[in-house]
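Shown next, in C-alpha cells, is the structure this report addresses.
The values are calculated or read from the model by the stated rules, or taken from the named source; none is laboratory data. The structure displayed is predicted, hence computed values, not measured ones. FYI the Cβ positions are ideal-geometry reconstructions off the backbone, even for glycines, and counts take in every protein chain you see.
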Amino acid sequence: MQTIINAIELQLNSITIDNQIFWFGNNLSIENNFRESVHFLPAFDEILISYKTREASILLEHQSKAFTNNGIFKPIILKNSKVIGTWKRTIKKDHVKIETQFFHETENHKKAILFEGIKAFENYLEAKIVIE
C-alpha cells in the first residue's frame, strides 16, 4: 500500500490525527470549515461499515457497544464525526419510541440539543417521537 501512496503522493493531501496519517485527494481542502453536527445514523451506515479500522470515528473501548465481532451493527449517534452512543427505534400505535444509550454521561441540556437532530426523522415518519 505504501508503494502506491509513494507513487501518487504529489496528487494527495494528508492529515495526521492521533499519529495516524489519513490521505485524500488534492481537490479537498484541509482548512478547518468546522460546523457543529449531530446525526442519528442507521445500523449499516458507511461511517463504520466501510473501514477496517474505525478509531477515527469511535474509540476502541466503545466499539463493542456499537457492533459485534460477527458483523452486527447498531444504529449510532454521531456528533461532530465521532460516535457518542447508540439508539433504538420502536414503533408504537400512536408514536415512535427512541431509546438512547450514550457512551459517557451527558448533561440534560446537551441531550436536548442532540435530540434536535432527530426532528427531521419525526417529520419523515409523520409520527410523534418520544425519546427515552
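Might you check whether a residue that is surrounded by 13 or more Cβ atoms within 10 Å (Cβ to Cβ), assigned to a strand (DSSP E or B) and modelled with pLDDT of 85 or more occurs anywhere in the stretch 122-131?
Yes, some residue in the stretch 122-131 is surrounded by 13 or more Cβ atoms within 10 Å (Cβ to Cβ), assigned to a strand (DSSP E or B) and modelled with pLDDT of 85 or more.
Restricted to the stretch 41-67, and to residues that are hydroxyl-bearing (Ser, Thr, Tyr) and surrounded by 11 or more Cβ atoms within 10 Å (Cβ to Cβ), which residue is farthest from Lys88 (Cα to Cα)?
Just the residues of the stretch 41-67 that are hydroxyl-bearing (Ser, Thr, Tyr), to begin with: 50-51, 53, 57, 64.
With the extra rule that they be surrounded by 11 or more Cβ atoms within 10 Å (Cβ to Cβ), the set shrinks to 51, 57.
Values: Tyr51: 23, Ser57: 20 Å.
The residue in question is Tyr51.
Scan the stretch 35-85 for residues that are of a type in the set (Gly, Ala, Ser) and within 24 Å of Asn19 (Cβ to Cβ) and jot them down. Show your work before the answer.
Taking the stretch 35-85 as the starting set, the residues that turn out to be of a type in the set (Gly, Ala, Ser) are 37, 43, 50, 56-57, 64, 66, 71, 81, 85.
Within the stretch 35-85, Ser50, Ala56, Ser57, Ser64, Ala66, Ser81 qualify.
Out of everything in the stretch 99-132 that is among the β-branched types (Val, Ile, Thr) and touching a residue at least 40 places away in the same chain (Cβ under 8 Å), what residue ends up being nearest to Ser64 (Cα to Cα)?
Ile118
With respect to the numbered conditions (1) over 27 Å from Lys97 (Cα atoms); (2) assigned by TED's automatic domain parsing to the domain that holds Ala120; (3) of a type outside the set (Gly, Ala, Ser); (4) modelled with pLDDT under 85, which one is the sole condition not fulfilled by Gln20?
Here Gln20 meets the rest and fails (2).
Considering the stretch 64-77 alone, what residues qualify as being hydroxyl-bearing (Ser, Thr, Tyr) and either over 17 Å from Lys52 (Cα atoms) or not in a helix (DSSP H, G or I) (or both)?
The answer is Thr68, and nothing else.
Which condition from (1) under 21 Å from Lys119 (Cα atoms); (2) in contact with a Phe, Trp or Tyr (Cβ under 9 Å, 6 or more places away or on another chain); (3) in contact (Cβ under 8 Å) with a residue 40 or more places away in the chain is the one that His62 breaks?
Going through (1) under 21 Å from Lys119 (Cα atoms); (2) in contact with a Phe, Trp or Tyr (Cβ under 9 Å, 6 or more places away or on another chain); (3) in contact (Cβ under 8 Å) with a residue 40 or more places away in the chain one by one, His62 breaks only (1).
What number of residues in the stretch 68-112 are crowded, with 16+ Cβ neighbours inside 10 Å and polar (S, T, N, Q)?
Within the stretch 68-112, residues that are crowded, with 16+ Cβ neighbours inside 10 Å and polar (S, T, N, Q) number 3.
Restricting to the stretch 78-117, name every residue that is of a type in the set (A, V, I, L, M, F, W, C) and not in a loop (DSSP other than H, G, I, E, B).
Answer for the stretch 78-117, where residues must be of a type in the set (A, V, I, L, M, F, W, C) and not in a loop (DSSP other than H, G, I, E, B): Leu78, Val83, Ile84, Trp87, Ile91, Val96, Ile98, Phe102, Ala112, Ile113, Leu114, Phe115.
Taking the stretch 4-17 on its own, how many of its residues are modelled with pLDDT under 70 and over 21 Å from Glu55 (Cβ atoms)? Quick ask: steps written out before the conclusion?
Step one: list which residues in the stretch 4-17 are modelled with pLDDT under 70, which gives 4-7.
Cutting the leftovers down to over 21 Å from Glu55 (Cβ atoms) gives us 4, 6-7.
Qualifying residue count, the stretch 4-17: 3.
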